[in-house]
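Shown below is the structure under consideration.
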Amino acid sequence: RPEFMVKLMAIDGASAETEGDIREIAQIDFPVSTFDLDLDGLRASILELPAVADAAVSVRQLGVLEVDIVEREPALLWRNAQGIQILDPAGIVIGELDSRTLRPDLPLIAGYGANDHVAEAQDLLRVISPLHDRVRGLVRIGERRWDIVLDGDLRIMLPADQPVLALERAIALHEAQDVLNRDIAALDLRLAARPTIRMNAGALDRWRQIKDMRVETSR
């Protein structure tokens, strides 16, 4: 009977890519009888899409199958052996990218197991936000700790325990002594009692030249 026929599907709250995925998995030939629709099965299939956090499926008046979608919010990019994947705040993979330049607005993390520590990575990014324009990404080292990579390949090497506190101290040190603007290769904070600055090759050569000049002068 006409009053039981569904003529089209309306999808709200989904991006164009997710909407395309939903229509592909639905595989419904309209018009179709309401009694031939498996709404629970359709919802379950939609929830299996990585980008979908929640979905509601219903038939409304005028023969419309309505699908309301809540998508997962992208939080970070994760570079790994499979390429570049988009993560939500829970570390769930919700998409992939061919190039990092397609989402310059999202911070980048890398390393095996980095997706299991998204919350900690976001805490570190908040602490280093005063230098956000210099941050190239966070690298998970040995599945234990983080390195923060700044422009010029300068690294802030954080400890496995209390990395956020260590980074707060690094930012305070930088604000007091401008340490991260100096000619250095790394700020090693893995030992809380003994932070270490590693000079880059150019600065090390200049230091050796100055040392040799002092030796020559003292003769």
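Out of segment 164-193, which residues are among the small types (Gly, Ala, Ser) and over 16 Å from Leu125 (Cα atoms)? Let's see the steps before the verdict.
Let us first name the residues in segment 164-193 that are among the small types (Gly, Ala, Ser), namely 166, 170, 172, 176, 185-186, 192-193.
Ala176, Ala185, Ala186, Ala192, Ala193 - these are the residues of segment 164-193 that are among the small types (Gly, Ala, Ser) and over 16 Å from Leu125 (Cα atoms).
Restricting the search to segment 43-52, which residues are touching a helix residue (DSSP H, G or I) at 6+ places or on another chain (Cβ under 9 Å) and either acidic (Asp, Glu) or touching a residue at least 24 places away in the same chain (Cβ under 8 Å) (or both)? Talk me through it step by step, then tell me what you get.
The initial filter retains those residues of segment 43-52 that are touching a helix residue (DSSP H, G or I) at 6+ places or on another chain (Cβ under 9 Å), namely 45-46, 48-49, 51-52.
The answer is Ile46, Glu48, Leu49, Ala51, Val52.
Return yes when Gly83 is open to solvent by less than 30 Å² (accessible area, probe 1.4 Å), at pLDDT 95 or above and under 27 Å from Glu17 (Cα atoms) and no when it is not. Please lay out each step first, then the result.
Working: open to solvent by less than 30 Å² (accessible area, probe 1.4 Å): yes; at pLDDT 95 or above: yes; under 27 Å from Glu17 (Cα atoms): yes.
Judged against the criteria, Gly83 is a match.
Table: residues versus (1) of a type outside the set (A, V, I, L, M); (2) in contact with a Leu (Cβ under 7 Å, 6 or more places away or on another chain); (3) modelled with pLDDT of 95 or more.
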residue: His117; (1), (2), (3): yes, no, yes
residue: Asp123; (1), (2), (3): yes, no, yes
residue: Ser129; (1), (2), (3): yes, no, yes
residue: Arg134; (1), (2), (3): yes, yes, yes
residue: Val139; (1), (2), (3): no, no, yes
residue: Trp146; (1), (2), (3): yes, yes, yes
residue: Met157; (1), (2), (3): no, yes, yes
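Condition check: touching a helix residue (DSSP H, G or I) at 6+ places or on another chain (Cβ under 6 Å) and either assigned to a strand (DSSP E or B) or not aliphatic (A, V, I, L, M) (or both). Does Val67 satisfy that?
Working: touching a helix residue (DSSP H, G or I) at 6+ places or on another chain (Cβ under 6 Å): no; either assigned to a strand (DSSP E or B) or not aliphatic (A, V, I, L, M) (or both): yes.
In short, no.
Turning to a different aspect of this structure: Restricting to segment 182-192, what's the tally of residues that are open to solvent by 70 Å² or more (accessible area, probe 1.4 Å), modelled with pLDDT of 85 or more and either aliphatic (A, V, I, L, M) or more than 15 Å from Asp153 (Cβ to Cβ) (or both)?
Matching residues across segment 182-192 total 2.
Using the structure shown, decide if Val32 is over 23 Å from the mean Cα position of the chain (by Cα) and open to solvent by less than 50 Å² (accessible area, probe 1.4 Å). Step through it out loud before you land on a result.
Numbers: over 23 Å from the mean Cα position of the chain (by Cα): yes; open to solvent by less than 50 Å² (accessible area, probe 1.4 Å): yes.
For Val32, the condition - over 23 Å from the mean Cα position of the chain (by Cα) and open to solvent by less than 50 Å² (accessible area, probe 1.4 Å) - is met.
In segment 95-130, how many residues are in a helix (DSSP H, G or I), touching a His at 6+ places or on another chain (Cβ under 9 Å) and closer than 19 Å to Ile141 by Cα? I'd like the intermediate steps shown before the answer.
In the first step, residues of segment 95-130 are kept if they are in a helix (DSSP H, G or I); the result is 100-102, 114-127, 129-130.
Keeping just the survivors that are touching a His at 6+ places or on another chain (Cβ under 9 Å) gives 125, 130.
Adding the requirement that they be closer than 19 Å to Ile141 by Cα leaves 125.
Adding up the residues that qualify gives 1.
Could we say that Leu77 is in contact with a Gly (Cβ under 9 Å, 6 or more places away or on another chain), touching a residue at least 24 places away in the same chain (Cβ under 8 Å) and either buried (at least 16 other Cβ atoms within 10 Å of the Cβ) or farther than 30 Å from Arg145 by Cβ (or both) here? Full working, then the answer.
Working: in contact with a Gly (Cβ under 9 Å, 6 or more places away or on another chain): yes; touching a residue at least 24 places away in the same chain (Cβ under 8 Å): yes; either buried (at least 16 other Cβ atoms within 10 Å of the Cβ) or farther than 30 Å from Arg145 by Cβ (or both): yes.
Considered against the rule, which asks whether it is in contact with a Gly (Cβ under 9 Å, 6 or more places away or on another chain), touching a residue at least 24 places away in the same chain (Cβ under 8 Å) and either buried (at least 16 other Cβ atoms within 10 Å of the Cβ) or farther than 30 Å from Arg145 by Cβ (or both), Leu77 comes out as yes.
Which one is farthest from the chain's Cα centre (by Cα) among residues in segment 138-176 that are of a type in the set (D, E, K, R), over 20 Å from Asn115 (Cβ atoms) and not in a strand (DSSP E or B)?
First, the residues of segment 138-176 that are of a type in the set (D, E, K, R): 140, 143-145, 147, 151, 153, 155, 161, 168-169, 175.
This time we only want the ones that are over 20 Å from Asn115 (Cβ atoms), so: 151, 153, 155, 161, 168-169, 175.
Still in the list and also not in a strand (DSSP E or B): 151, 153, 161, 168-169, 175.
Numbers: Asp151: 18, Asp153: 19, Asp161: 21, Glu168: 21, Arg169: 24, Glu175: 27 Å.
It comes out as Glu175.
Return the residues of segment 112-148 that are open to solvent by less than 20 Å² (accessible area, probe 1.4 Å), more than 17 Å from Pro74 (Cβ to Cβ) and out of contact with any helix residue (DSSP H, G or I) (no Cβ under 8 Å at 6 or more places or on another chain); say none if nothing qualifies.
Hits for segment 112-148 are Gly113, Asp147.
The values are calculated or read from the model by the stated rules, or taken from the named source; none is laboratory data. From a predicted model like this one, the values you see are computed outputs, not experimental measurements. Note that each Cβ is placed from the backbone with ideal geometry, even for glycine, and that neighbours are counted across all protein chains shown. Note: accessible area is taken over every heavy atom of the protein model, side chains too, but ligands, DNA and RNA are not part of it. Shrake-Rupley method; radii C 1.70, N 1.55, O 1.52, S 1.80 Å.
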